[in-house]
Every structure is written in C-alpha cells, then in structure tokens.
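Asks: Below is the structure I would like to discuss, written out as structure tokens.
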Amino acid sequence: MNFIVLTIFPELFDPFWEYGIISRAIKRNKINVSAVNIRDFAAGKHRVTDDRPYGGGCGMVMKAEPLASAIRAAKITNSSAKTVLLTPQGRTFKQNLAREFASHKGLILVCGRYEGVDERICEEFIDYEISIGDYILTGGELAAMVIIEAVTRMVPGTLGGVDSAGKDTFSDNLLEHAHYTRPRSLEGEDVPEVLLSGNHKAIEKWRFETSLIRTFLKRRDLLKDRPLSRQEIEILKKWCRDIEKIIHTQSLFGFDALSGSQ
Ligand code: ADE
C-alpha cells in the first residue's frame, strides 16, 4: 500500500512516520509513505499556493494549478492510486471505508487548507471527498494521519496478533468487549471471575455477550444496519431479565442486598 500525502506542511508527517505501527509497517515494507510539498509545484519566486476567492468574501482558496501538478506527478508512479481530498464537506470516514481503502494499491491524500480548494480540482482529480467528523480543522493533515493509521491497520501483517484487526471494535458493527489486566482487584472492583477461569469457551461467550450489550447501551446506532440474530436477541432479553431482577431485589431489600445477589 502506497500513501502519498500532498500538503504544504510535509514536516508535520516526519514524527508520524517514526512511531508505532506506522514505523513498523514501513520497516516491514507493508506500506510506502511520502509527504510531498505542494509548494514545490507552485510557480513564481514566492511559490504561492493560495489566492483570493472569485466573487469576494473572506479567506483564501487553494490554487488549482499547483494541486493539479502535484496530483499528476503522484499519479506518474502510482497510476492506480485513488485520490482522496480531506475536507469537512466529505463523506464521514468509518471502518468500512478503511477496509475499502486498504483494498486499493495506493492513496493520494490531498490536504486542503484555508477555506478550501478550487472546485475544479474536486471535479477533475478527486475520487473520494472524506471528512473525519463534523468539526473544522485548520487543514487536512491530521485527517490524513487518521486515515493512514486506520487503513494501515487493515493491511495484513501490520498488527501484532494474527488477526487483531478482525476483532477490533466496529469489525462486525459491534464495540469490542471490556478488557482487564493486573491487578486482579482494584479499589474494591474485581476482574470478572470468568476471565480467571481458564475456560476459553466461557470467556469467548462472555466477551461476545458484553460486546453486544455494550453496543446496545453505548452505540445503538451501530445496530441499525445489523439485524440481530435470534441468539443475540436472547442474550439481550436475558440481560434485561437480570437487570429487572437486580432492580426488584434492590427495591425490596435495599442496595446492600445487591452484593449478595450478583
Ligand atoms: N479539513 C478540515 N476539517 C476537516 C475534517 N473534519 N475532516 C477532514 N478534513 C478536514
């Protein structure tokens, strides 16, 4: 997978390439990366990359010519790469898009700045317009890093575990189960017994159930596009019954009774 970032601040990416999963993926030749300065493609002594908007108004617009030349140059060595413009007006980046991007040979990530880029660039050169969320950043550089990291995780051989990405939150439109590590007891809160049992089947079952329940509680929107199986409905129903039992016990015997009922 080839990532070419077009930006007026390529130095921002130097530390990004140097750490963690990105650095490992580069060393293992799983990804190739480069951050190219759009200014190098701008004409004139001052290599200007922005200009005032036609029609007036505040802010500046990224000029079309330097961007067009930078994209064309990137395409020479990566003819099948897809071009991605980072913009708050784009489609929201989600895990399924990370998976789709990982299936391409390369991505040319165009980092907008100022008020935006000349519209003719979007029409002529851009395959995807992508936003990382409904907020405004000063430029697309952080958004490009987010995409590079999420996509790199999907490239086989970049993660520690054999199939860690497959178990990630969102991999099946479910949040991941809870995680615990030592100490076994922390300020009166104990690690769930089942995780200490060594019974792998029971642990898998517990993990799946908690993953389903926490998705239901925290991000019910994720279940909208994912029909529940009969088994999953039963899990949620059982959990509702357990909650009812707890509330009932508490209403009869007070809060102290709960510790005994768990
Ligand atoms: N550029 C500015 N804001 C952005 C956002 N939310 N996502 C992607 N690119 C951006």
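Taken together, the values in this text are just the output of simple stated rules run on the coordinates, not laboratory data. Not measured: the values here are computed from a predicted model. Glycine gets a Cβ as well: all are built from the backbone with ideal geometry, and neighbour counts include every protein chain shown.
Asks: Between Lys238, Lys105, Lys30, find the one with the highest GNM mean-square fluctuation for the chain; connect C-alpha pairs within less than 10 Å.
Replies: Lys238
Asks: Under 1.5 on a/c is rounded, so check that first for region 190-254, then, if it is not, pick prolate when a/b is larger than b/c and oblate when it is not; a ≥ b ≥ c are the square roots of the alpha carbon gyration tensor eigenvalues.
Replies: Details: a/c = 2.06, a/b = 1.11, b/c = 1.86.
Oblate is the answer for region 190-254, as a/c is 1.5 or above yet b/c matches or exceeds a/b.
Asks: While we're here: HN-Hα J couplings of region 97-104 from phi, Karplus 6.51/-1.76/1.60, θ = phi - 60°, integer Hz, Gly and Pro as x?
Replies: 6, 4, 5, 4, 4, 5, 7, 7
Asks: With viscosity set to 1.567 mPa s at 4 °C, what whole-number translational diffusion coefficient in µm²/s follows for the chain from Stokes-Einstein and a Kirkwood radius over Cα pairs?
Replies: Working: Rh = 22.0 Å.
Reported coefficient: 59 µm²/s.
Asks: Between Gln95 and Lys45, take the C-beta separation as r, use R0 = 41 Å, and let me know the FRET efficiency to the nearest 0.05. Write down the numbers at each step before the final one.
Replies: On the way: r = 46 Å, r/R0 = 1.11.
Step by step, r from the Cβ atoms, then E = 0.35.
Asks: Debye calculation, C-alpha points only, no solvent: report log10 I(q)/I(0) for region 118-262 at q = 0.16, 0.20 Å⁻¹, in the same order as the q values.
Replies: -1.14, -1.40
Asks: With label points built 7 Å along Cα→Cβ from the Cα atoms of Ile247 and Lys224, find their separation and express it in nm.
Replies: 2.6
Asks: Starting from the Cα of Lys238, draw a straight line to each of the lysines and keep only those under 22 Å, dropping any in the same chain fewer than 8 residues away.
Replies: Lys201, Lys205, Lys218, Lys224
Asks: Run a plain Debye calculation on region 1-110 (Cα atoms as equal point scatterers, no solvent) and give log10 I(q)/I(0) at q = 0.15 Å⁻¹, rounded to two decimals, same order as the q list.
Replies: Log10 I(q)/I(0), no solvent term: -0.76.
Asks: As I understand it, the value is the acute angle between the Cα axis of helix 64-77 and the longest principal axis of the Cα atoms of the chain; what does it come to in degrees, rounded to 10?
Replies: So the inclination is approximately 70 degrees.
Asks: Take the chain, connect every pair of alpha-carbon atoms lying under 10 Å apart with a spring to form a Gaussian network, then pick out the residue of Glu234, Glu149, Glu129 with the largest mean-square fluctuation.
Replies: Looking only at Glu234, Glu149, Glu129, the biggest GNM fluctuation is shown by Glu234.
Asks: Another question about this same structure. Over the chain, what is the mean sequence separation of C-alpha contacts under 8 Å (at least six apart), divided by residue count, expressed as relative contact order in percent? Walk me through the numbers on the way to the answer.
Replies: Working: 338 pairs, mean separation 43.3, N = 262.
Relative CO of the chain lands at 17 percent.
Asks: Which of the chymotrypsin sites (Phe, Trp or Tyr not before Pro) found in region 1-33 are loop residues per DSSP with 12 or fewer other Cβ atoms within 10 Å of their Cβ? Let's see the in-between values first.
Replies: Working: sites: Phe3, Phe13, Phe16, Trp17, Tyr19; in loops: Tyr19.
Within region 1-33, the qualifying chymotrypsin sites (Phe, Trp or Tyr not before Pro) (loop, at most 12 other Cβ atoms within 10 Å) are Tyr19.
Asks: Hey, in the GNM for the chain with a 10 angstrom Cα cutoff, which one of Ala178, Ala73, Ala98 fluctuates hardest?
Replies: Result for the chain, Cα springs under 10 Å: Ala178 fluctuates most.
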